[in-house]
Amino acid sequence: MPEGDTIFRAARTLHLALAGRQVTRFETVLPALQRVHDDEPITGRTVDGVRAVGKHLLIEFSGGLVLRTHMRMNGSWHIYRPGERWQRGRAAMRVVVGNTEYVAVAFDVPVAEFLRARALDRHPALSSLGPDLLAPDLDVDAVVGRLRARPSTAVADALLDQRMAAGVGNVFKSEVLFVCGIDPFRPVSALSDEEARRVIDTSRELLKANVIDAARNGAPEWGGGRRTTRRMDPSARLWVYGRGGRPCRRCGTPIACRKQGADARLTYWCPACQK
Ligand SMILES: [Zn+2]
């Protein structure tokens, strides 16, 4: 599942390529989207903006139509110049939104639908989301309270629960708890107030640090790989995620790895550094 920072970057990059420009090309292999396009064409509309809401990406078109996509595990949006060769095959294409300068292609997105802008707030997938950890005006105390409201849940599972707060995915779940020195299997009730606060603050910091300004040289561009260690070496970007059995970067203890939670997502942690 892409993390909040990935979606945020994707939204920003798409915004730079699409916003304020008239749509000159729209294609889709999804019948429900095609039907909307047949009835009220997307071409000719202007993209008002692109934004991330939790892990949902919303492309807002003039005339009150919004395209919601959710990337889940394998979906992605790419941006190309018209005529440029795609990095993925046409079989994986689900939606194309283009203007005279850029072509945005959604590959393998499992969720894509048109919504009415005025109905967005009532949409079940959007209204059940907790506050976005990347929101600049986030009420951190309120998020700590939402975490506290799940006392019997393991802290790693609570962090992944997008109804608690939106943004942390499976990679950051492990990284945040390593940075905080907290055992991922501890129930939320076993966290001190200071620890609960640190978990939320750290989640926010790591997500923010991975939101790189996509506008380099004025051209939309994807940010680099995710990093939590502040090291530039690409092989040393993460503390624990994906490092099962390898030595902890702080103490040398082998990193542990176990499936956790209802979805059996992998959790990585250092049994010595995290208590
Ligand atoms: Zn360690």
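The set of residues in segment 228-275 being away from the ligand (no atom under 15 Å from the Cβ), at pLDDT below 85 and surrounded by 12 or more Cβ atoms within 10 Å (Cβ to Cβ) consists of 231, 237. Segment 83-181 holds helices (runs of 4 or more DSSP H) entirely within its bounds, and those carrying 2 or more residues that are farther than 28 Å from residue 272 by Cα map to 124-127, 140-148. Of the strands (runs of 3 or more DSSP E) lying entirely inside segment 34-78, those containing at least 1 residues that are under 12 Å from the mean Cα position of the chain (by Cα) and of a type in the set (Val, Ile, Thr) are 47-53, 65-70. Of 182, 200, all but one fail to be away from the ligand (no atom under 16 Å from the Cβ) and at pLDDT 90 or above; the exception is 200. Across segment 1-17, not a single residue is classified as surrounded by fewer than 18 Cβ atoms within 10 Å (Cβ to Cβ), of a type in the set (Asp, Glu) and either modelled with pLDDT of 95 or more or under 30 Å from residue 209 (Cα atoms) (or both). The number of residues in segment 18-54 being modelled with pLDDT under 90, of a type in the set (Gly, Ala, Ser) and under 13 Å from residue 67 (Cα atoms) comes to 1.
Going residue by residue through segment 168-177, is there one that turns out to be among the hydrophobic types (A, V, I, L, M, F, W, C), at pLDDT 95 or above and within 28 Å of residue 11 (Cβ to Cβ)? Yes: segment 168-177 contains one or more residues that are among the hydrophobic types (A, V, I, L, M, F, W, C), at pLDDT 95 or above and within 28 Å of residue 11 (Cβ to Cβ).
The values are calculated or read from the model by the stated rules, or taken from the named source; none is laboratory data. Since we're looking at a predicted model, the values are computed, not measured. We place every Cβ from the backbone using ideal geometry, glycine too, and count neighbours over all the protein chains shown.
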